[in-house]
1. State whether the residues of segment 65-84 include one that is at pLDDT below 95, in contact with a Ser or Thr (Cβ under 9 Å, 6 or more places away or on another chain) and buried (at least 16 other Cβ atoms within 10 Å of the Cβ).
2. Residues of segment 82-126 being outside any helix (DSSP H, G or I) and without any contact (Cβ under 8 Å) to a residue 40 or more places away in the chain, which ones?
3. All but one of (1) in a helix (DSSP H, G or I); (2) of a type in the set (A, V, I, L, M); (3) over 17 Å from the mean Cα position of the chain (by Cα) hold for V79; which doesn't?
4. Looking at segment 88-95, can you tell me whether even one residue there is closer than 20 Å to L30 by Cα and among the hydrophobic types (A, V, I, L, M, F, W, C)?
5. Under 8 Å between Cβ atoms, at least 6 apart or on separate chains: pull out the pairs that start in segment 30-52 with a residue that is under 24 Å from H104 (Cβ atoms) and end on any residue that is basic (K, R) and modelled with pLDDT of 95 or more.
6. Checking the structure you have, find out if any residue of segment 2-11 is modelled with pLDDT of 70 or more and either outside any helix (DSSP H, G or I) or within 16 Å of L116 (Cβ to Cβ) (or both).
7. Which members of segment 37-64 meet the condition of being touching a His at 6+ places or on another chain (Cβ under 9 Å) and loosely packed, with under 15 Cβ neighbours inside 10 Å?
Amino acid sequence: MTNGYMRKASAIYQQNSVRGVVEGADPHQLVNLLLNGVIDRIRQARGHMAHGDVAAKGRTIAGAVGIVNELRNSLDHKVDAGLTQRLDSLYEYVSRRLLIAQLHDDAGALDEVVDLLTPIRDGWLAIRPDYVAAGQRAAGGGR
């Protein structure tokens, strides 16, 4: 087997693996996947930037911006308008910083974005037990 074939097979496996995770995920898990995905792409972009791979940097930053847009679109402003407005503003700022990082090879901007999104992701993970418990109560599994 050639190295190119192995890379292609690996990419197909990863794509199918991710598809399976997404199909079985609840809304809370989907947001978690998006948050992990954007942080992962930003870290990849930083590596591409360090190695001078302009095309790969551009693709990964574009992917990160796309995920941030999905996060913005997923906000339900009816739930807690104050919180969702702050998250919307944060996501807008993150998108601008990613574009600046792309245009100016600004690794500091990428680091800033990871520093801003990591506590959001960690907080989202921390509320998972409450989300699951609320779902069980709604389904009649709790008191």
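The values are calculated or read from the model by the stated rules, or taken from the named source; none is laboratory data. This structure is a prediction, so every number in the text was calculated from the model and none was measured. Every residue, glycine among them, receives a Cβ derived from its backbone with ideal geometry; neighbour counts consider all protein chains shown.
1. Checked against the condition, which is being at pLDDT below 95, in contact with a Ser or Thr (Cβ under 9 Å, 6 or more places away or on another chain) and buried (at least 16 other Cβ atoms within 10 Å of the Cβ), segment 65-84 yields at least one hit.
2. Of the residues in segment 82-126, the ones outside any helix (DSSP H, G or I) are 105-106.
Correct list: D106 only.
3. (1)
4. Among the residues of segment 88-95, at least one is closer than 20 Å to L30 by Cα and among the hydrophobic types (A, V, I, L, M, F, W, C), which makes the answer yes.
5. Taking only residues 6 or more apart or on different chains, the pairs are I39/R121; A45/K57; H48/K57; M49/K57.
6. Just the residues of segment 2-11 that are modelled with pLDDT of 70 or more, to begin with: none.
Within segment 2-11 (the criterion being modelled with pLDDT of 70 or more and either outside any helix (DSSP H, G or I) or within 16 Å of L116 (Cβ to Cβ) (or both)), the answer is no, since none of the residues qualifies.
7. We begin by selecting, within segment 37-64, every residue touching a His at 6+ places or on another chain (Cβ under 9 Å); these are 54-61.
V54, A55, G58, listed by residue number.
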